[in-house]
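Report on the following structure.
Every number in this text was worked out from the coordinates using simple rules, so none of it is lab data. Everything quoted here is computed from the prediction, not taken from an experiment. Please note: Cβ atoms are built from the backbone with ideal geometry, for glycine as well, and neighbour counts cover all protein chains shown.
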Amino acid sequence: MGAHLRGVWPFVVLGIALLAVSNGAIFARIAEAPPLAIAAWRVGLAALVVLPLAATVRRPVGFDRRALACAAGTGAMLALHFATWIASLEHTTIARSVLFVSTSPIWVAVLQFLGGRGLPSRQTLAALALAVAGSVVVSGGEAGGLWLGDALALAGGLAMAGYFLFSRAAQSQLAFRSYLGIAYGVAAVVLWAAVLLTGTQAIGFDARTWWAFAGMAAVSQLIGHSGYNWSLRHLDPLFVAVASVGEPVLAAMLGWWLLGESVDDRTVGGGLLILAGIALATLKARRRS
């Protein structure tokens, strides 16, 4: 019984993480601040919590410098993910943004192939075709800002794929707290450097915005993304990526309920194609897990 429960915990944590991450778009929409500042405060506040805990972990014998580099790579990918995805919310709806950013399982499969994992299977190729078709349907007939928002969200999905792969490689050697401290620390440094270099406003916001920053850091980052990271210690990256399949649905429902954002028929139809592609691409990984 004990062994069975230990096997179930990664899936329980992954489910909780999904619920927490799905609130990220709501907090980002509420915050009246530049996207880069939102991303920097989200990760920066979370890093302030994690870094003191990471400092208490002793360096293991036989420490792998490659694992350290992968942890730093995770942080860089996380910074790129938030910078592009949060920016997308200024140009498109929550439903479309989270739908496109959740294509990360497709990109995980592609990156694994490019990394030497072998030719994509027919199943993966079919999944890619569905995802592309769904993207065309969702964005079809739109002009101007929505195209920019879709492209930024797709870039965020690609960065998240790199984040999943780097994370699994880093955690093969690093303690969880050490890994999390490096990843969040690097992401915070990258984002705050970008804020300073671009002259982005980072202070002087109203109380509502500061509460949104705190909510993103505590709920979406510390609970959500940390839960994803812990799950990656026990599950295949492609399987963890499938957790994002539920995020567009939850985020769209929250956007409709809390902010009154509607979801049009084209987004629903194209979204179903994209979700079908993601599910197809991750089916084998789910069976292995």
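Order these peptides, 26-36, 252-262, by their mean beta-carbon neighbour count within 10 angstrom, highest first. Mind dumping the intermediate values first?
On the way: 26-36: 21.0, 252-262: 15.0.
The peptides rank, most packed first, as 26-36, 252-262.
Quickly rank 101-109, 269-277 as a protection proxy: mean count of other C-beta atoms within 10 Å, highest first.
Numbers: 101-109: 27.7, 269-277: 19.9.
Highest mean packing first, the order is 101-109, 269-277.
Can you compute the label reach from SER262? Point 7 Å from Cα along the Cβ direction, backbone N cut-off under 15 Å, restricted to region 76-92.
The answer is none.
Would you mind computing, in nm to one decimal, how far apart the modelled labels at TRP210 and ARG122 are, each placed 7 Å from Cα along Cα→Cβ?
6.1
Given the peptides 229-235, 72-78, 8-14, 181-187, arrange them by the average over their residues of other C-beta atoms within 10 Å, most packed first.
Values: 229-235: 22.0, 72-78: 23.9, 8-14: 15.4, 181-187: 26.3.
Result, highest mean Cβ count within 10 Å first: 181-187, 72-78, 229-235, 8-14.
Skipping prolines and chain starts, which residues have an amide H placed within reach, meaning under 5 Å, of the one on SER102, given they are 5 or more residues away or on another chain?
Answer set, sorted by chain and number: none.
What is the calculated FRET efficiency for ALA69 to THR198, with r their C-beta to C-beta distance and R₀ = 35 Å, to the nearest 0.05?
Numbers: r = 27 Å, r/R0 = 0.76.
The value I calculate is 0.85.
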